[in-house]
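What follows draws every value from the coordinates through simple rules; no lab data is involved. Note that this is a predicted model, so its numbers are computed, not measured. A quick note on method: Cβ atoms are made from the backbone with ideal geometry, for glycine too, and the neighbour counts reach across all protein chains shown.
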Amino acid sequence: MANEIKIRKGFTIRLVGQAEKVFKRLPLAGEYSLYPDDFPLLVPGLLVREGDTVLAGSPLLCDKRDPRVRFCSPVNGRVARIERGERRHIDRVVVECDAKDSLEYKDFGAALPATLSCDDIIAKMLQAGVWPMVRQRPFNIVASPDVRPRAVFISAFDTAPLAPDLDFAIKDDGESFQVGVDVLRMLTDGGVHLGVNAKYPPNIAFEEARGVTLHRFSGIHPAGNVGVQIHHVAPVAKGEVVWTLHPLDVVVIGRLFSTGHYDARRIVAVTGSRVAKPRYYLSMVGMPIRTLLDGQLQEPEEKLRIISGNVLTGTKVGLNDGLRFYHHQVTVIPEGNHYEFMGWAMPGFRKLSASRLFTAFLCPHREYDLDTNLHGGRRAFVVNGQYERVFPMRIYPVQLIKAILAGAIEEMEDLGIYEVAEEDFALCDFVCTSKIEAQSIVREGLNRMVKELS
């Protein structure tokens with residue numbers, strides 16, 4: 001029996017609009033998108049032109065710093081558009097899907113992981129476009145295929161607002177998950193660590209996974225963050241590398257070795273207070289948001305904030321955009337484009353607060369219908385202990401943020417920059433009365449560290 005690790009610092013945000021455990025299969029959409037900006041520090045190199053014909057698994061982009069790292073099309077069809085921004089920056093590659101019922105896959109060959117060498121496994125993952133699903137700490141970037149990790153970490157539950165129930169999402173993919181775990185075991189000497197929720201019995205795919213070290217976590221958000229789990233199991237020191245993966249991405253890796261195909265299907269939770277019927281959908285990487293939200297919006301788009309991901313770490317998108325590469329959730333909440341006169345002076349019976357400013361703290365299990373209003377503007381960055389109350393790591397978050405702003409490389413190292421990622425500071429963004437965008441600052445700090453060390 002795995003020991004239970006209790007996370008006491010943090011804050012759980014309970015919102016209206018949790019996805020009902022009902023599963024719906026969506027038909028193939030007309031277009032699918034790939035966004036280079038989903039991958040920090042990627043220097044994208046185009047491998048296709050507009051009008052080219054591709055199969056599911058055909059490469060669209062590569063990383064110019066390491067052309068072996070490819071980013072592949074999830075569907076077969078034709079490259080419809082290559083959209084560019086300032087300085088010819090590649091904003092997205094759009095593939096027009098010409099399949100009606102089933103996809104045409106590029107065949108990479110099915111193979112049992114145990115029959116392959118580590119180099120053969122890595123080569124297959126690189127060619128098929130599943131390698132970007134493997135991210136590394138430090139820096140929270142696509143892992144280098146040349147560096148063998150100390151260990152691999154997978155968080156099998158998510159405590160973010162309205163996050164999908166991964167036990168439900170993976171219920172039909174247990175075999176593929178096990179194959180994916182077998183693949184990852186071949187690539188590390190330190191083993192695969194799987195974090196599960198101690199509050200509920202995990203899915204049998206997690207509970208009986210072979211070749212993993214099981215860790216049980218309980219407590220409030222961010223107990224489900226893989227970075228928090230790494231910190232409490234085996235913190236990352238300078239010079240060390242660990243890999244992290246989402247369990248549904250492990251399933252995709254398992255499918256590759258079982259079928260020989262890049263099968264980018266994924267379960268996506270459509271959530272939020274402005275969704276008519278929050279539920280789970282069988283979707284795919286890059287599927288249009290319009291398809292996922294067809295007939296679901298309760299108000300016009302201009303009155304809503306549509307987010308690929310969750311409200312803390314997701315990306316603002318429109319109906320014509322696609323589901324981002326690392327996201328398994330779409331959230332729709334009201335836009336906070338209104339002013340509330342003297343709102344701070346009201347008793348706040350239905351207002352959420354991480355402190356006891358409002359009386360709503362007397363109902364800790366209430367679900368809230370929140371919008372995007374900041375309730376104030378940016379102001380002086382003061383030390384008041386807010387960050388520390390929601391940051392469950394033995395790291396000084398305020399001091400680290402200030403070291404990043406000052407560009408003090410040695411102080412950033414001493415204060416734990418190698419252990420953190422943007423999502424670890426999401427609650428700091430939420431509780432900050434100074435309205436400091438801590439996640440953006442941390443991402444800038446991580447980018448600077450990579451450039452300093454390269």
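Observations
- Here the extension length gained between Lys171 and Ala234 equals 19.8 nm, from 0.36 nm per residue of separation less the Cα-Cα distance.
- In the chain, the calculated helix contribution to ellipticity at 222 nm averages -6000 deg cm²/dmol per residue, counting -39,500 (n - 2.57) for every DSSP H run with n ≥ 4.
- Pairs exceeding 22 Å between alpha-carbon atoms, taken from Lys21/Lys277; Lys6/Lys199; Lys316/Lys435; Lys316/Lys402; Lys238/Lys435: Lys316/Lys402; Lys238/Lys435.
- Partners for Lys451 among aspartates and glutamates (Cα-Cα distance below 20 Å; same-chain residues under 8 apart left out): Asp37, Asp38, Asp63, Asp66, Asp146, Glu240, Glu410, Glu411, Glu413, Asp414, Glu419, Glu422
- Between Ile7 and Ser218, Gly219, Ile220, the built amide H atoms are under 5 Å apart, and every one of these is 5 or more places off in sequence or on another chain.
- FRET efficiency for Tyr368 and Lys24, using Cβ-Cβ distance with R0 set to 25 Å, rounded to 0.05: 0.40
- Cα centroid separation, the stretch 375-454 to the stretch 1-76: 26 Å.
- Shape box of the stretch 374-453 [Cα atoms, principal axes, largest first, Å]: 39, 23, 20
- Normalised by the number of residues in the stretch 301-454, the average gap of Cα pairs under 8 Å and 6 or more apart makes the relative contact order 18 percent.
- Ordering of 230-238, 178-186, 193-201 by burial proxy (mean other Cβ atoms within 10 Å per residue, highest first): 178-186, 193-201, 230-238
- Here the stretch 224-266 and the stretch 301-340 have alpha carbon centers that stand 25 Å from each other.
- Proximal charge balance of Pro59 [Cβ under 12 Å; K/R count +1, D/E count -1]: +1
- Full-extension gain in nm, Lys316 to Ser434, via 0.36 nm per residue minus C-alpha separation: 40.3 nm
- Of the GluC sites (Glu not before Pro) found in the stretch 19-83, those that fall in a DSSP loop while having at most 13 other beta-carbon atoms within 10 Å are Glu20, Glu50.
- Overall form of the stretch 267-345 per C-alpha gyration tensor (a/c, 1.5; a/b vs b/c): prolate
- The chain: relative contact order in percent, alpha carbon pairs under 8 Å with at least 6 residues between: 19
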